[in-house]
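A short reminder: the numbers here are calculations on the coordinates, not readings from a lab. Bear in mind the structure is a predicted one, so any value in this text is a computation, not a measurement. Neighbour counts run over all protein chains shown; Cβ positions are idealised from the backbone, glycine included.
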Amino acid sequence: MSPVSSGNASSEAKTQSQVPVTSIHRVMADGVKIFYRAAGDAEAPVSLLLHGFPTSSFMFRELIPRLADEYRVIAPDLPGFGFTEVPAKRNYTYSFDALASTIESFTEAIGLDRYAVYIFDYGAPTGLRLAMRHPERVTAIISQNGNAYEEGLGDAWGPIRKYWSQPTEENRDMLRQNILTLETTRWQYTYGVEDPETVAPEGYTLDTALMEHPGNKDIQLDLFLDYASNVKLYPKFQEYFRKSKPPLLAIWGKNDPFFIPAGAEAFRKDIPNAQVRFLDTGHFALETHAVEIADAIKEFLEMSGVPGRREKELSR
């Protein structure tokens, strides 16, 4: 075996050193120990990534380093998800208002006063509540299958809509038995993907393992029921869009059975300059299109007046 030349070794080390390192942290906010991932220059513009059901900040593992060469990237786990810990004495009420209040406290605890926000699934009603409360803090919105319109709700919501109208123990147990399972979680990751074998199993396996923690399924069922509050807020979200007109990129897995393409197109009704892009994939678009999404975000933020660290340095 021939030795590796010092030149190649030096080049490899340089390349490795240029890949931003993602670190993990915990901070108390709103009486909750928030777990979060962070990467990038502390002085760079901030991108706040908000995950959805049933996942965690782990879903951003491929996106974070692809953004962190230009941005400070922060990705918390919402209460009830991932590795965030809610003390029993906190008597936490699992609602979307509560999630938004906790994440608001989190941003203040770590000193985030300006950020572009990436909203996905549950991250959308959480992040949009933050945006309505503090429109001056939001530099831009990236919605990846993060819905804010009735027309964006697909047929897959049928069983949960039934639970909204009839919140019986029978309907609650039906959701527990049919949605909060490994099989259904895997389906959420792979449905609409051209080749399901390209979806790595770590994501849905971790989601399922964490969902099996004592009490977690009841948390998820409470949030299913409270999702109806988000639909009632859609007109308020839309009013925020019309009034504040934040730069917005809707980048959408077009085969998503939960949040269908009409939800992405609808943003243009209230933000005429919204950018809308579709990807040939499903709900968890980052599992198959992380590179394309990262490139689209960087291009969008630069065009929207939120240049990355290097662009800011070059303009000085």
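Residues checked against (1) surrounded by 21 or more Cβ atoms within 10 Å (Cβ to Cβ); (2) more than 25 Å from Arg61 (Cβ to Cβ):
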residue: Lys236; (1), (2): no, yes
residue: Lys245; (1), (2): no, yes
residue: Ile251; (1), (2): yes, no
residue: Lys254; (1), (2): no, no
residue: Pro261; (1), (2): no, yes
residue: Ala266; (1), (2): yes, yes
residue: Phe278; (1), (2): no, no
residue: His283; (1), (2): yes, no
All but one of (1) charged (D, E, K, R); (2) more than 17 Å from Gly263 (Cβ to Cβ); (3) buried (at least 20 other Cβ atoms within 10 Å of the Cβ) hold for Arg172; which doesn't?
(3)
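Across segment 144-164, what is the total count of residues that are touching a helix residue (DSSP H, G or I) at 6+ places or on another chain (Cβ under 7 Å), touching a residue at least 60 places away in the same chain (Cβ under 8 Å) and over 21 Å from Gly82 (Cα atoms)?
Initially, segment 144-164 is screened for residues touching a helix residue (DSSP H, G or I) at 6+ places or on another chain (Cβ under 7 Å), giving 144, 146-152, 159-160, 162-164.
If we keep only those that are touching a residue at least 60 places away in the same chain (Cβ under 8 Å) as well, we get 144, 146-152, 160, 163-164.
Checking the rest, the ones that are also over 21 Å from Gly82 (Cα atoms) come to 147-152, 160, 163-164.
Adding up the residues that qualify gives 9.
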Considering only residues that are closer than 12 Å to Gln144 by Cβ and in contact with a helix residue (DSSP H, G or I) (Cβ under 6 Å, 6 or more places away or on another chain), which ones fall in segment 116-131?
Val117, Ile119
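Limited to segment 102-115, what total is found for residues that are in contact with a helix residue (DSSP H, G or I) (Cβ under 7 Å, 6 or more places away or on another chain) and surrounded by fewer than 22 Cβ atoms within 10 Å (Cβ to Cβ)? Quick ask: steps written out before the conclusion?
Of segment 102-115, the ones in contact with a helix residue (DSSP H, G or I) (Cβ under 7 Å, 6 or more places away or on another chain) are 103-104, 113-115.
Now narrow it down to the ones that are surrounded by fewer than 22 Cβ atoms within 10 Å (Cβ to Cβ): 104, 113-114.
Residues in segment 102-115 being in contact with a helix residue (DSSP H, G or I) (Cβ under 7 Å, 6 or more places away or on another chain) and surrounded by fewer than 22 Cβ atoms within 10 Å (Cβ to Cβ): 3 in total.
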Of these, Gly127, Gly158, which one is closer than 23 Å to Tyr189 by Cα and crowded, with 17+ Cβ neighbours inside 10 Å?
Gly127
